[in-house]
Amino acid sequence: MEVKALSSMLQTNLKTGIKGDDTDILKRRNAFGANTYPQKKGRSFLRFLWEAWQDLTLIILIVAAAVSLALGIKTEGLAEGWYDGGSIAFAVFLVIFVTAISDYRQSLQFQNLNEEKRNIQLEVMRGGRMIKISIFDLVVGDVVPLRIGDQVPADGILITGHSLAIDESSMTGESKIVHKDQKAPFLMSGCKVADGVGTMLVTGVGINTEWGLLMASISEDTGEETPLQVRLNGVATFIGIVGLVVAVSVLAVLLVRYFTGNTKNSDGTVQFIKGKTSVSNAIDGVIKIFTIAVTIVVVAVPEGLPLAVTLTLAYSMRKMMADKALVRRLSACETMGSATTICSDKTGTLTLNQMTVVEVYAGRKKISPSDESSQLNPAVASLICEGVAQNTTGNVFIPKDGGKMEVSGSPTEKAILSWAVKLGMKFDVIRSESTILNVFPFNSEKKRGGVALKRTDSVVHLHWKGAAEIVLASCSGYLDSNGCLQSIDEDKDFFKEAIDDMAANSLRCVAIAYRSYELEKVPANEEQLDQWVLPENDLVLLAIVGIKDPCRPGVKDAVKICTDAGVKVRMVTGDNIQTAKAIALECGILSSNADATEPNIIEGRVFRVLSESEREQVAQKITVMGRSSPSDKLLLVQALRKGGEVVAVTGDGTNDAPALHEADIGLSMGIQGTEVAKESSDIIILDDNFASVVKVVRWGRSVYANIQKFIQFQLTVNVAALVINVVAAVSSGDVPLNAVQLLWVNLIMDTLGALALATEPPTDHLMHRTPVGRREPLVTNIMWRNLIIQALYQVTVLLVLNFAGLDILNLKHDSRKHAVEVKNSLIFNAFVLCQIFNEFNARKPDEINVFSGVTKNHLFMAIVGLTFILQIIIIEFLGKFTSTVKLSWKLWLVSICIALVSWPLAIIGKLVPVPKTPFAAYFARLFRRRRTARNA
């Protein structure tokens with residue numbers, strides 16, 4: 001009564017819903033509000049700036065800039081003395097701004113992705129028809145059907161419900177499942193439907209709900225660090241500590257050299273003479289030495305590593321969205337690159353989920369065509385139509401103006417409803433001719449659903465529908481072509497054979513059965529009726545229907561790509577084992593009939609009774625699991641993970657949630673997936689297509705590969721610059737690459753280099769290699785080889801220039817100061833140009849042709865071009881800020897030649913074989929051998 005009174009006040013028809021026209025929607029929205037809530041503002045750009053400058057290295061550099069500024073102004077005057085200090089400060093602030101902008105943009109991107117995640121699509125009844133709308137478009141007065149796995153989209157009150165159980169843990173914090181009926185009809189927004197079906201009347205939306213108030217008070221955490229980010233932060237910290245130790249050691253050596261009179265000026269005079277050098281000049285000398293030590297810290301700390309991960313993850317997430325994959329957890333991007341097996345659903349993922357009834361058996365007769373009602377006995381046709389119309393969560397809407405019929409519901413429901421309409425089913429009429437007493441909603445464990453109804457003539461019918469062989473096992477009779485009841489005992493083999501034939505043709509088989517029931521045995525009061533367990537024995541078979549769900553185009557190619565990439569695809573389905581086998585052969589999951597033997601192909605009931613150790617052994621061989629329950633899927637995932645596999649799982653149902661959560665990567669379906677499945681998953685496949693799952697694997701591998709490319713590039717720069725400066729500082733008391741120059745190198749190589757290499761799109765080459773192991777080192781032997789060859793070449797050439805450059809370049813006739821400036825400018829220019837080529841080399845760590853496909857990556861080409869132009873500007877126009885001088889065209893040619901020699905060197909280097917054992921393990925083994933030999 002309360003619901004009827006409330007619906008009357010809200011001007012809602014409980015059966016047909018609200019009118020739903022624009023005027024009605026606007027009026028309701030103005031009166032009761034929209035189903036949105038104000039978002040808590042994310043961190044501002046100023047906050048990101050504040051966080052960016054709090055890096056220890058940058059703070060040291062800011063101090064160095066201040067000291068250098070004071071020293072420069074003191075020694076050279078304000079007009080020219082601010083160059084060094086000002087340049088360091090400018091470079092530091094530029095790094096801070098770039099880092100802040102990058103983090104801020106990523107934050108905005110996460111907000112957009114979270115908005116997409118919250119934008120749930122749901123069905124509502126408006127004007128007598130079921131339509132799909134966004135959760136944000138819901139209004140007070142809407143009539144919303146609820147099914148297992150749905151999220152309650154707003155506050156409301158129950159209209160009708162059967163076995164409806166709600167998980168209210170998201171609101172109350174208690175994991176207890178609450179049953180809803182007319183005595184407890186109130187539903188809270190944000191809760192999940194754990195079981196049963198029902199219909200609700202929306203009474204509160206948006207900020208007027210408890211969920212809305214809660215969500216408005218919290219903000220999504222976008223500061224999640226992935227395992228790779230944590231590892232790289234550790235690597236960056238370790239290298240930074242090493243750099244700091246080296247810098248302190250160099251500082252000590254230089255101070256000893258300075259105060260013992262071994263450090264000389266460019267004109268050959270000694271810088272410090274005990275008893276003669278003033279305190280002021282001594283302090284100036286010590287500060288210059290301190291600046292050299294800071295320079296070594298600058299070059300040693302690879303602050304670009306965490307930035308590279310941030311950039312590649314942000315770029316990959318945006319591109320994956322375009323490839324129909326919504327990333328819910330960042331870590332899944334990386335983990336997917338290590339996936340060794342994918343346990344995929346069949347329906348909707350490997351198939352199109354566009355189902356049609358193509359084959360029907362009624363009695364012992366095959367109906368051809370399947371919708372030819374004249375071949376059915378009227379009594380049988382009437383019972384089939386009654387069962388289909390009442391035992392469904394779908395709906396049939398026929399417009400009064402004679403427009404096109406609209407059928408809603410799950411794909412299976414829509415197929416059976418459409419078939420029944422062609423047989424002559426009058427959906428609304430049949431539903432009005434009987435009263436539903438109780439409903440057993442379709443259950444993926446039992447693979448069937450039923451309904452008890454009382455007709456106007458007081459006859460009670462129980463209608464069941466579900467997996468053909470399971471319903472058939474509960475049947476004791478069938479109606480023949482004359483509508484007469486026959487015992488099924490002698491004909492059971494016929495029906496089993498019919499099911500097998502349909503399944504072998506990759507048809508999903510559904511049986512429709514019923515039984516009469518005595519009215520006296522039906523529980524009298526409502527409470528007992530709700531607890532009544534519908535009898536499911538002694539059923540009378542009405543029909544077996546075969547539903548065609550064709551394979552998705554491109555699935556066979558996608559499965560082959562996975563196989564070539566070392567990723568085994570396994571099909572886990574609730575369908576008949578023969579149907580599963582036929583689809584697996586069609587998709588290429590099974591290569592031939594010879595493979596379709598146990599345990600390659602197995603039923604869930606066989607797998608679940610095995611012992612734990614047996615399951616681990618059998619799981620490795622399973623390619624297809626048919627008639628599996630969600631618990632079988634979970635057992636398979638657990639067994640595979642214990643066997644060392646990195647498991648990706650696709651799922652769409654509520655009961656898939658444990659398997660999705662247990663897997664290394666859970667992939668839920670965006671179209672057919674329930675909200676519970678989506679909440680338990682790491683990535684949502686927006687088009688339910690297996691080909692999109694393969695694209696996710698490509699992107700996962702691309703993330704890891706791009707990070708490795710940048711690590712190789714970054715470490716080559718750091719190792720070369722560090723060795724050059726340390727050797728030069730210790731041997732001569734001066735460095736060829738000063739702080740400003742190295743800050744410039746860091747800026748273009750860390751930031752622009754990260755942007756160039758982190759945004760490399762995935763290539764087919766990535767899918768021709770085996771998955772990356774969980775514990776595989778970040779720096780592989782191939783990377784070590786490339787890094788050592790390039791760094792060794794750069795160090796050798798540039799140190800030769802540093803110590804013998806004046807002779808080689810014939811600069812002895814110039815003043816010593818100018819000659820040293822030219823030599824150092826050449827070293828700086830050659831070093832930067834070497835890194836430009838090194839970017840090309842890092843693109844293809846294990847391929848000889850480093851230029852293949854480079855023209856397709858417009859961003860990479862633009863960044864390389866920009867770096868080269870900026871270098872010309874730095875050398876030719878901004879020399880006074882970077883302590884460089886203009887170079888003649890001959891010296892530019894020398895710089896370019898030095899860089900170009902890196903190319904053939906890289907080609908020759910890639911022909912050098914590398915050991916398969918990781919370097920660290922190799923050296924550890926070598927050390928153990930030597931120690932054993934020594935002990936012997």
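The values are calculated or read from the model by the stated rules, or taken from the named source; none is laboratory data. All figures in this text were calculated on a predicted structure; none of them were measured in a lab. Ideal geometry is used to build each Cβ from the backbone, glycine not excepted, and the neighbour counts take in all protein chains shown. Accessible surface areas use protein heavy atoms only, side chains included; no ligands, DNA or RNA. Shrake-Rupley method; radii C 1.70, N 1.55, O 1.52, S 1.80 Å.
List of remarks:
- 5 Å binning of all Cα-Cα separations within region 136-199, expressed as whole percents from 0 upward: 4, 20, 33, 26, 12, 4, 0
- Placing +1 on the Cβ of every Lys and Arg and -1 on the Cβ of every Asp and Glu, with nothing else charged, gives region 346-443 a dipole about its Cα centre of roughly 220 debye.
- Heavy atoms of Leu330: accessible area, 1.4 Å probe, square angstrom to 10: 10
- Between Arg43 and any residue 5 or more places off or on another chain, the built amide H atoms are never under 5 Å apart.
- Amide H contacts for Ala543 (H built 1.01 Å from N in the peptide plane; partners 5 or more residues away or on another chain; cut-off under 5 Å): Ile512.
- Cys897-Ile241 pseudo-label distance in nm [points 7 Å out on the Cα-to-Cβ vector]: 4.5
- Surface listing: Thr312, Thr199 arranged by accessible area from highest to lowest gives Thr199, Thr312, probe 1.4 Å.
- Note on Asn233 and His768: their simple-model spin labels are 3.8 nm apart, each label 7 Å out from Cα toward Cβ.
- Extension reserve of the Ile908-Asp22 stretch, reckoned as 0.36 nm per residue once the Cα distance is removed: 311.9 nm
- Residues of type aspartates and glutamates that Lys426 reaches as a straight line, Cα spacing below 12 Å, ignoring anything fewer than 8 places off in the same chain: Glu386
- Computed with a 1.4 Å probe over protein heavy atoms only, the accessible surface of region 371-466 comes to 43 Å² per residue.
- Among the GluC sites (Glu not before Pro) in region 834-912, those placed in a DSSP loop whose Cβ has at most 16 other Cβ atoms within 10 Å are Glu847.
- Whole-percent carbon and sulfur share, accessible surface of the chain, 1.4 Å: 58
- Rounded to whole Hz, the Karplus (6.51, -1.76, 1.60) HN-Hα couplings of region 452-467, x for glycine and proline: 10, 9, 10, 7, 5, 8, 6, 7, 9, 10, 10, 10, 10, 8, x, 4
- The residues neighbouring Gln182, those whose beta-carbon lies less than 15 Å from its own, together hold a net charge of -2 under the Lys/Arg +1, Asp/Glu -1 convention.
- Radius of gyration and maximum dimension Dmax of region 377-501, Cα, Å: 15.4, 50
- Most to least accessible of Thr291, Thr393 (protein chains only, probe 1.4 Å): Thr393, Thr291
- Under 5 Å, built H, 5+ apart or other chain: amide partners of Asp682: Gly666, Leu667, Ser668
- Stokes-Einstein D for region 268-337, Kirkwood Rh over Cα pairs, 20 °C, 1.002 mPa s (µm²/s): 128
- Relative contact order of region 669-806: 34 percent, from C-alpha pairs under 8 Å at least 6 residues apart in sequence.
- Three-way shape label, region 399-471, alpha-carbon gyration tensor, a/c 1.5: oblate
- Using C-alpha pairs below 8 Å separated by at least 6 residues, the relative contact order for the chain is 12 percent.
- Residue-level accessible surface for Val253, protein heavy atoms, 1.4 Å, Å²: 60
- Area of Leu122 that stays accessible when all protein chains are in place (1.4 Å probe, Å², to 10): 20
- For peptides 456-465, 140-149, sequence by mean Cβ density within 10 Å, most packed first: 140-149, 456-465
- Rolling a 1.4 Å probe over the protein heavy atoms gives region 258-363 an accessible area of 36 Å² per residue.
- Estimated distance in nm for a label pair at Ile273 and Asp501, the labels positioned 7 Å out from Cα along Cα-to-Cβ: 11.4
- Rounded to 0.05, the FRET efficiency of the His858 and Met321 pair, given R0 = 30 Å and the Cβ-Cβ distance, is 0.90.
- Region 548-594 - percent relative contact order, Cα under 8 Å, separation 6 or more: 42
- For the pair Ser481 and Ala66, the difference between a 0.36 nm per residue extended length and the Cα-Cα distance amounts to 139.6 nm.
- FRET E, pair Thr456, Phe494, Förster distance 30 Å, beta-carbon r, rounded to 0.05: 0.25
- Using R0 = 22 Å, the C-beta based FRET efficiency linking Lys446 and Val606 works out to 0.75.
- Region 428-567 shape via C-alpha gyration tensor axes, a/c threshold 1.5: prolate
- Reachable lysines, given that their alpha-carbon falls under 30 Å from the alpha-carbon of Lys886 and they are not under 8 places away in the same chain: Lys74, Lys264, Lys288, Lys812, Lys817, Lys823
- Cα gyration tensor, region 552-674 - rounded (a/c under 1.5), prolate or oblate: rounded
- Zone residues, region 1-37, relative to Glu406, backbone N less than 14 Å from point 7 Å out along Cα-to-Cβ: 16-22
- Remark: the Gln39-Leu94 segment gains 16.7 nm on full extension, using 0.36 nm per residue and subtracting the alpha carbon distance.
- Report summary: the helix-based calculation at 222 nm, which adds -39500 (n - 2.57) for every DSSP H run with n ≥ 4 and divides by the residues of the chain, gives -16000 deg cm²/dmol.
- For log10 I(q)/I(0) by the Debye sum over Cα atoms at q = 0.08 Å⁻¹, the value calculated from this model appears in (i) -0.86; (ii) -1.02; (iii) -0.77 under label (i).
- Filter on Lys41/Lys324; Lys319/Lys844; Lys346/Lys447; Lys346/Lys496; Lys446/Lys492 - keep pairs with C-alpha separation over 19 Å: Lys41/Lys324; Lys319/Lys844; Lys346/Lys496; Lys446/Lys492
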